[in-house]
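**Student:** Pasting a structure below so you can have a look.
Read the figures in this text as sums done on the coordinates, not as results from a lab. Keep in mind that this is a model prediction, so the values were computed, not measured. In this analysis, Cβ positions are derived from the backbone assuming ideal geometry, glycine residues included, and neighbour counts consider all displayed protein chains.
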Amino acid sequence: MYGLDSLLAIVQMPPDIPVATVGINRALNAGILATQVIGSGDSVVFNKTIEYKKSLKKKIKNANEDLKQHEFKYRV
């Protein structure tokens, strides 16, 4: 089912079995989550993850600024 069966199995885990899940076909998010976990015990990975997430924030901010330049017409 394109990953849905795995997702459903993960979210139905019983208590005392912690799991982390990301969206289907979202390997980048899984990588970020993994570096956050690894970074909790490795300051180099932690700092690189922080810098990467700052770059993502800038990317989103710039994309939002670009969108402000476009005029959208809405149908009512």
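**Student:** So which GluC sites (Glu not before Pro) in the chain pass both tests, a DSSP loop state and at most 15 other Cβ atoms within 10 Å of the Cβ? Intermediate results must be reported in sequence, preceding the final value.
**Tutor:** On the way: sites: E51, E65, E71; in loops: E71.
Here the sparse-neighbourhood loop sites are E71.
**Student:** What is the spin-label model distance, in nm, from D66 to M13 if the labels are put 7 Å beyond Cα along the C-beta direction?
**Tutor:** 3.7
**Student:** Further question on the same structure: Kindly count the pairs of lysines across the chain whose alpha carbons are less than 29 Å apart, treating pairs on different chains or eight or more residues apart as eligible.
**Tutor:** Total qualifying Lys-Lys pairs in the chain comes to 14.
**Student:** Need the full-extension length gain, K54 to R26, defined as separation in residues times 0.36 nm minus the C-alpha distance. One decimal, nm. Spell out each step's value before the answer.
**Tutor:** Details: separation 28, 0.36 × 28 = 10.08 nm, distance 1.92 nm.
Computed gain between K54 and R26 is 8.2 nm.
**Student:** Same structure, new question: Of all trypsin sites (Lys or Arg not before Pro) in segment 21-76, which ones are in loop regions per DSSP and have a Cβ with at most 10 other Cβ atoms within 10 Å? Intermediate values should be presented prior to the final figure.
**Tutor:** Numbers: sites: R26, K48, K53, K54, K57, K58, K59, K61, K68, K73, R75; in loops: R26, K73, R75.
Sparse-neighbourhood loop trypsin sites (Lys or Arg not before Pro): K73, R75.
**Student:** Also, I was wondering about something else. Assigning unit charges at the beta carbon (Lys, Arg +1; Asp, Glu -1) and nothing else, what dipole magnitude in debye, to the nearest 20, does the chain show about its Cα centre?
**Tutor:** Values: 11 positive and 7 negative charges, 104 e Å.
Value, rounded to 20: 500 debye.
**Student:** Can you compute the helix-only [θ] at 222 nm over the chain? Use -39500 (n - 2.57) per DSSP H run of at least 4 residues, normalise by all residues, nearest 500 deg cm²/dmol.
**Tutor:** Working: 3 runs with 47 residues, N = 76.
-20500 deg cm²/dmol, from helical runs alone.
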